[in-house]
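**Student:** Below is the structure I would like to discuss, written out as structure tokens.
Just so it is clear, none of the values below were taken in a lab; they were calculated from the coordinates. In this text, all values refer to a predicted model and were calculated from it rather than measured experimentally. Counting neighbours? That spans all protein chains shown, and the Cβs are built from the backbone with ideal geometry, glycine included.
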């Protein structure tokens, strides 16, 4: 069985984005600036699968750092794709990763897969999918800066963003990089 492996962006000795690197952080994407007041980059990393670069991930936060309760304040997770992928497969993989956190009912899995399949397009190198936590609502998704749709379900949002932020993630090194932890 093949195992995914994340490799961190090389912005420091350990490849982590920390306070010193924030001065050189990329510009806040417009969809993030609109949804996350005072957005700043908390951390970033790269996902690799069997040696192939899949996407670069950036975690944007407001005034307070993102911690264990990532649903408490607006935040954004930006994925910049480094290769082409099929939208339906992105959605299917997301369901699989959400199941790492807890068992999903058949109804949840069916509804959430349908919602993601409708929102997530096939992507090519350079495309961006930005997921936004909207407290009290759920998740909003933008494709290349254009809002594409909402999933109005707080449990969905918790589990979806948990793919990267939960302690049960399949990519703990990427999680640490996104959270700006050593």
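**Student:** Just subtract the alpha-carbon distance of residue 89 and residue 146 from 0.36 nm times their residue separation and send over the number in nm, one decimal. Intermediate values should be presented prior to the final figure.
**Tutor:** Working: separation 57, 0.36 × 57 = 20.52 nm, distance 2.11 nm.
My answer for the length gained is 18.4 nm.
**Student:** Could you check which residue among 38, 51, 162 shows the biggest mean-square fluctuation in a GNM of the chain with a 10 Å Cα cutoff?
**Tutor:** For the chain, modelled as a Gaussian network with Cα springs under 10 Å, the answer is 51.
**Student:** Arrange the following residues from fewest to most other Cβ atoms within 10 Å of their Cβ: 113, 137. Working shown, then result.
**Tutor:** Numbers: 113 17, 137 14.
Taking fewest neighbouring Cβ atoms as first place, the list is 137, 113.
**Student:** For a footprinting-style exposure proxy, rank 124, 158 by other Cβ within 10 Å, fewest first. Don't skip to the end; give the middle numbers.
**Tutor:** Values: 124 10, 158 20.
With the sparsest Cβ surroundings first, the list reads 124, 158.
**Student:** Stretched out fully, how many nm does the piece from residue 99 to residue 111 gain, at 0.36 nm a residue minus the Cα gap? Mind dumping the intermediate values first?
**Tutor:** Working: separation 12, 0.36 × 12 = 4.32 nm, distance 1.41 nm.
Difference between extended and current length: 2.9 nm.
**Student:** Which residue fluctuates the most in the chain, going by a Gaussian network model with Cα springs under 10 Å, if the choices are 117, 130, 40?
**Tutor:** In this elastic network of the chain, the residue with the biggest mean-square fluctuation among 117, 130, 40 is 117.
**Student:** Using the Cα atoms of segment 110-175, I'd like the radius of gyration and the largest Cα-Cα distance, Dmax, both in angstrom.
**Tutor:** 12.3, 33
**Student:** Follow-up question, since we're still on this one. Taking the number of other C-beta atoms within 10 Å as the exposure measure, put 120, 160 in order starting with the fewest.
**Tutor:** Working: 120 21, 160 25.
Fewest-to-most Cβ neighbours within 10 Å comes out as 120, 160.
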